[in-house]
Amino acid sequence: MILKTKVSHYDNSWYSPNRGRIIQILWYFVNVVLFINPLNPISSLKVCLLRFFGAKIGIGVRINPSVNIKYPWKLEVGDYSWIGEKVWIDNLTMVTIGSNCCVSQGAMLLTGNHNYKKSTFDLIVKNIHIEEGSWVGAKATVCPGVTCKSHSILAVGSVATSDLEPYTIYQGNPAKAIRKRVITS
């Protein structure tokens, strides 16, 4: 017997963003006015606000305009990392970005998905780790549960559905290793 999806039976009551409703609402408005809004180019203000809302942000972090962050208390960013314009960090669970990383314009870090095998379309959440020196290219997507290992590169428009090996460049959908990354002085 083939069942059908019944979105009307969807239940994610088990999921909690781990903050009170007031904090979530307050963050929503701060995010809309000062983060998603392209008229605020002040990175240092954004870093201070993220820390205020519970994010762990290193020194020298650059956050460009139009960045959308679901829950700052589920975000860690190491020293001297960059988050480009129009990046979407949909962190229903932890997203960890190491030091000296670059998440380029329009990239998406997605920690949530749905179980298409269940008629109830259950929510699935898994952490994302972007290790030191990694680069997520413009309009690339990192899917739930993926680790971009040290100094890996996910090329422009590519989709990482599984872990990226260190010092390796990945391209395509799904992303495949295309060559080693060699860094020179």
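The values are calculated or read from the model by the stated rules, or taken from the named source; none is laboratory data. It should be emphasised that the depicted structure is a prediction, and the values quoted were computed from it without experimental measurement. When we count neighbours, we look across all protein chains shown, and the Cβ atoms used for this are built from the backbone with ideal geometry, even at glycine. In case anyone asks, the SASA skips ligands and DNA or RNA and just uses the protein heavy atoms, side chains included. Shrake-Rupley method; radii C 1.70, N 1.55, O 1.52, S 1.80 Å.
For the chain, with all protein chains present and a 1.4 Å probe, just round the carbon and sulfur fraction of the accessible area to a whole percent.
59
Could you tell me the calculated FRET efficiency between residue 114 and residue 44, based on Cβ-Cβ distance and R0 = 30 angstrom, to the nearest 0.05? Please report the intermediate quantities before stating the final value.
Values: r = 37 Å, r/R0 = 1.24.
E between residue 114 and residue 44, to the nearest 0.05, is 0.20.
Could you pull out every one of the lysines with an alpha carbon less than 24 Å from that of residue 56, ignoring same-chain neighbours closer than 8 positions?
List returned: 46, 70, 74, 86, 126, 149.
Charges at C-beta only: +1 for Lys and Arg, -1 for Asp and Glu. How large is the resulting dipole of the range 1-93 about its Cα centre, in Debye rounded to 20? Can you show the working numbers first?
Details: 11 positive and 5 negative charges, 39 e Å.
Magnitude of the dipole: close to 180 debye.
Using unit Cβ charges (K, R positive; D, E negative) and no other charged atoms, how large, in debye to the nearest 20, is the dipole of the range 108-185 about its Cα centre?
Dipole magnitude for the range 108-185 comes out near 240 debye.
Relative contact order of the chain, please, whole-number percent, based on alpha carbon pairs below 8 angstrom and at least 6 residues apart.
13
Subtract the Cα-Cα distance of residue 99 and residue 122 from 0.36 nm times their separation in residues, and report this length gain in nm to one decimal. The partial results should precede the final answer.
On the way: separation 23, 0.36 × 23 = 8.28 nm, distance 3.37 nm.
Gain on extension, residue 99 to residue 122, equals 4.9 nm.
In the range 150-185, which residues have a backbone nitrogen under 20 Å from the label point lying 7 Å from residue 80's Cα in the Cα-to-Cβ direction?
In the range 150-185, the label zone of residue 80 (backbone N under 20 Å from the point 7 Å along Cα→Cβ) covers 150-154, 167-168, 181-185.
If a/c stays under 1.5 just call it rounded; otherwise compare a/b with b/c (prolate if a/b is bigger, oblate if not). Do that for the range 25-106, with a ≥ b ≥ c from the square roots of the Cα gyration tensor eigenvalues.
Values: a/c = 1.38, a/b = 1.15, b/c = 1.21.
Rounded, since a/c falls under 1.5.
Between residue 59 and residue 5, take the C-beta separation as r, use R0 = 41 Å, and let me know the FRET efficiency to the nearest 0.05.
About 0.30, to the nearest 0.05.
Under a 5 Å amide H to amide H cut-off, with H placed in plane at 1.01 Å, what residues pair with residue 141 once short-range neighbours are removed?
108, 158, 159, 160
So with the 1.4 Å probe, I'd like the accessible area per residue for the range 26-165, rounded to whole Å².
That works out to 44 Å² per residue.
Based on the Cβ-Cβ distance from residue 34 to residue 138, what FRET efficiency comes out when R0 is 22 Å, to the nearest 0.05?
Working from the Cβ atoms, E equals 0.45.
Among the aspartates and glutamates, which fall within straight-line cross-link reach of residue 6, defined as a Cα-Cα distance under 19 Å, with same-chain neighbours fewer than 8 residues apart omitted?
122
For the chain, list log₁₀ I(q)/I(0) at each q in 0.08, 0.12 Å⁻¹, using the Debye formula over Cα point scatterers of equal strength and ignoring solvent, two decimals each.
Log10 of I(q)/I(0), two decimals: -0.27, -0.59.
Out of 91, 15, 38, whose Cα points farthest toward the positive end of the dipole of the range 1-102 (charges: +1 Lys, Arg; -1 Asp, Glu; placed on Cβ)?
Among 91, 15, 38, the one farthest towards the positive end of the dipole of the range 1-102 is 15.
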